[in-house]
Amino acid sequence: MTLALDQVTTIFLAVALLVLGTVIVKKAGFLQKFCIPAPVVGGLLFAIIATILKATGLLEITLDTSLQSLFMITFFTTVGLGASFKLIKLGGKLLVIYWLACGFLALAQNAIGVSLASLFDIHPLIGMMAGAVSMEGGHGAAGAFGQTLEDMGINSALSIGIAAATFGLIAGGLVGGPTVKYLISKYDLKPTETEEEVTNVEEKDQAITTNTFFIQVLLITFCMALGTYLGELFSTATGFVLPGYVGSMFVAVIVRNIVDKLNPKAIDMKSINLIGDVTLGIFLSMALMSIKLWEVADLALPMLVIVFVQVAFIVLFGIFILFRLLGKNYDAAVMVAGFTGHGLGATPNAMANMAAVTERFGPSRKAYLVVPIVGAFLIDVFAMPIIITTINLFK
């Protein structure tokens, strides 16, 4: 028996699973602790149920996920619109060092994934899906590039990427604190500032108006349209595979910084972030609920080995290289906590790691400036070209 869900019903199911995932995460302390996204929880739950129904021969569910790419492109465009070069200047030398380290990490993660995949005699790009795509890229990039690879005929890419991203999130939350505790204890590190010296200047919380919101929608859709067109033009001219959302994201970076010079108040990041959160949630929910878990079984062991090596590498790199490059002080140690967080999962994971450290040992204003800026959008400037080049080398 087959149950085919149309486009509208599939979107409804994605939103319902997103809401269900939010409820489950709020109830489960473990999921909150490791910052597991709500759409991942809801989507995976459905994927498990669908797999059981198919395996027992009771029911096979088919979904119409044709609008998934629209939500995906919208989300990555909002990421690009958050990339203000003014913020880079605030971070100074430390931000540049941290940024370059993230670029090197993306390169190393892909090298590890592809190399180990060859040892297990599986497609190199399956190894890449357990590399920078799912580690530094998290669930968003895993869903996007996984779909791109499956469209190229590489089965299980999406499932492997999502699974690796989930394991990476958990590992990033587990190893960040102990790694920094080791550095603080070994070098007897102390904060350079007290809590009283750290003042948070927050912008006034302004309400979102219809006019403001539609200006943001105008900017987002303009970047999506132009970026998609230029991306297709680039791929046609060069034969180089370029996922649809990449062009939109980089056009958005250019648009953001042009608009900043013409009218700094035109872009309302509160509206942009709201649109980004909604589209990411629906995109991830659709990606997760449509994965075919039965395709992952044969690749479970290779994937776990690759992820384990990725975790070991980032911990060693953080302790012996990044910590020293950043100044070998307390701020550097806190940034290593953030590095392990978003280097294995996502920026919220990085913030959770740093919060756990600073609540116990003291504040670090520099870390809270550098890590979110790089983790939120600058990281993609290096990671995306590295991932795309890897795809074209091994396609």
Practice task
Tell me which residues, restricted to region 153-179, are at pLDDT 90 or above and of a type in the set (A, V, I, L, M).
Solution key: Ile154, Ala157, Ile160, Ala164
Problem - Pair list, Cβ under 8 Å, 6 or more apart: region 364-388 residue in contact (Cβ under 8 Å) with a residue 12 or more places away in the chain, other residue among the acidic types (Asp, Glu) - result: Ser364/Glu193; Ser364/Asp331; Arg365/Glu193; Lys366/Asp331; Ala367/Asp331; Ile379/Glu136; Ala383/Glu136
Handout entry: Residue match in region 341-348 (condition: touching a Pro at 6+ places or on another chain (Cβ under 7 Å) and modelled with pLDDT under 95)
Key = yes
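Name every residue in region 149-165 that is buried (at least 24 other Cβ atoms within 10 Å of the Cβ), more than 20 Å from Gly103 (Cα to Cα) and either without any contact (Cβ under 8 Å) to a residue 40 or more places away in the chain or polar (S, T, N, Q) (or both), in order of residue number. So that I can check it myself, show each step before the final result.
Residues of region 149-165 that are buried (at least 24 other Cβ atoms within 10 Å of the Cβ), as a first pass: 149, 156-165.
If we keep only those that are more than 20 Å from Gly103 (Cα to Cα) as well, we get 149, 156-160, 162-163.
Answer for region 149-165, where residues must be buried (at least 24 other Cβ atoms within 10 Å of the Cβ), more than 20 Å from Gly103 (Cα to Cα) and either without any contact (Cβ under 8 Å) to a residue 40 or more places away in the chain or polar (S, T, N, Q) (or both): Ser156, Ala157, Ser159.
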Fill in the blank from the handout: Looking across region 20-68 at residues that are without any contact (Cβ under 8 Å) to a residue 40 or more places away in the chain and in a loop (DSSP other than H, G, I, E, B), the single one that is surrounded by the most Cβ atoms within 10 Å (Cβ to Cβ) is Ala28
Practice task
Go through (1) loosely packed, with under 15 Cβ neighbours inside 10 Å; (2) over 30 Å from Ala16 (Cα atoms) and name the single condition Ile267 misses.
Solution key: (1)
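Please find, among Leu94, Leu100, Leu81, Leu90, the residue that is hydrophobic (A, V, I, L, M, F, W, C), within 30 Å of Ile267 (Cβ to Cβ) and in contact with an Asp or Glu (Cβ under 9 Å, 6 or more places away or on another chain). Give the derivation first.
Working: Leu100 fails: in contact with an Asp or Glu (Cβ under 9 Å, 6 or more places away or on another chain); Leu81 fails: in contact with an Asp or Glu (Cβ under 9 Å, 6 or more places away or on another chain); Leu90 fails: in contact with an Asp or Glu (Cβ under 9 Å, 6 or more places away or on another chain).
Every option except Leu94 fails the conditions.
Evaluate the following for Phe283: is it in contact with a Pro (Cβ under 9 Å, 6 or more places away or on another chain) and either over 21 Å from Phe85 (Cα atoms) or buried (at least 20 other Cβ atoms within 10 Å of the Cβ) (or both)? Talk me through it step by step, then tell me what you get.
On the way: in contact with a Pro (Cβ under 9 Å, 6 or more places away or on another chain): yes; either over 21 Å from Phe85 (Cα atoms) or buried (at least 20 other Cβ atoms within 10 Å of the Cβ) (or both): yes.
Considered against the rule, which asks whether it is in contact with a Pro (Cβ under 9 Å, 6 or more places away or on another chain) and either over 21 Å from Phe85 (Cα atoms) or buried (at least 20 other Cβ atoms within 10 Å of the Cβ) (or both), Phe283 comes out as yes.
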Completion exercise
Within region 187-208, residues being modelled with pLDDT of 85 or more and in contact with a helix residue (DSSP H, G or I) (Cβ under 9 Å, 6 or more places away or on another chain) number 4
Practice task
Tell me, yes or no, whether region 169-179 has at least one residue that is under 25 Å from Leu70 (Cβ atoms) and touching a Phe, Trp or Tyr at 6+ places or on another chain (Cβ under 6 Å).
Solution key: no
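For region 19-27, check the following and say yes or no: at least one residue is of a type outside the set (Val, Ile, Thr) and either farther than 25 Å from Gly341 by Cβ or out of contact with any helix residue (DSSP H, G or I) (no Cβ under 9 Å at 6 or more places or on another chain) (or both). Steps first, please.
Of region 19-27, the ones of a type outside the set (Val, Ile, Thr) are 20-21, 26-27.
Still in the list and also either farther than 25 Å from Gly341 by Cβ or out of contact with any helix residue (DSSP H, G or I) (no Cβ under 9 Å at 6 or more places or on another chain) (or both): 20, 27.
Within region 19-27, one or more residues are of a type outside the set (Val, Ile, Thr) and either farther than 25 Å from Gly341 by Cβ or out of contact with any helix residue (DSSP H, G or I) (no Cβ under 9 Å at 6 or more places or on another chain) (or both).
Listed here are the residues, each with its yes/no results for (1) in contact with a helix residue (DSSP H, G or I) (Cβ under 8 Å, 6 or more places away or on another chain); (2) in contact (Cβ under 8 Å) with a residue 60 or more places away in the chain.
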site: Leu322; (1), (2): yes, yes
site: Tyr330; (1), (2): yes, yes
site: Met335; (1), (2): yes, yes
site: Phe339; (1), (2): yes, yes
site: Thr347; (1), (2): yes, no
site: Ala355; (1), (2): no, no
Fill in the blank from the handout: For Leu119, the lone unmet condition from (1) farther than 30 Å from Leu262 by Cα; (2) in contact with a Lys or Arg (Cβ under 9 Å, 6 or more places away or on another chain) is (2)
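Pick from Phe85, Phe71: which is over 21 Å from Val311 (Cα atoms), of a type in the set (Phe, Trp, Tyr) and surrounded by 19 or more Cβ atoms within 10 Å (Cβ to Cβ)? Give the steps one after another, and end with the answer.
Details: Phe85 fails: surrounded by 19 or more Cβ atoms within 10 Å (Cβ to Cβ).
Exactly one of Phe85, Phe71 is over 21 Å from Val311 (Cα atoms), of a type in the set (Phe, Trp, Tyr) and surrounded by 19 or more Cβ atoms within 10 Å (Cβ to Cβ), namely Phe71.
Yes or no, residue by residue, for (1) over 18 Å from the mean Cα position of the chain (by Cα); (2) among the aromatic types (Phe, Trp, Tyr):
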| residue | (1), (2) |
| --- | --- |
| Phe320 | yes, yes |
| Lys328 | yes, no |
| Val334 | yes, no |
| Thr340 | no, no |
| Ala346 | no, no |
| Arg360 | yes, no |
| Asp380 | no, no |
| Pro385 | no, no |
| Leu393 | yes, no |
Fill in the blank from the handout: Inside region 244-299, the number of residues satisfying the requirement of being under 25 Å from Leu67 (Cα atoms), in contact (Cβ under 8 Å) with a residue 40 or more places away in the chain and of a type in the set (D, E, K, R) is 3
Practice task
Check region 288-308 and report whether any residue there is crowded, with 19+ Cβ neighbours inside 10 Å, within 17 Å of the chain's Cα centre (by Cα), modelled with pLDDT under 90 and of a type outside the set (S, T, N, Q).
Solution key: yes
Fill in the blank from the handout: Of Leu125, Leu95, Leu100, Leu116, the only residue that is at negative phi, surrounded by fewer than 19 Cβ atoms within 10 Å (Cβ to Cβ) and in a helix (DSSP H, G or I) is Leu100
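The values are calculated or read from the model by the stated rules, or taken from the named source; none is laboratory data. Just so it is clear, the model here is predicted, and its values are computed rather than measured. As a convention, Cβ positions derive from the backbone with ideal geometry for all residues, glycine included, and neighbour counts pool all protein chains shown.
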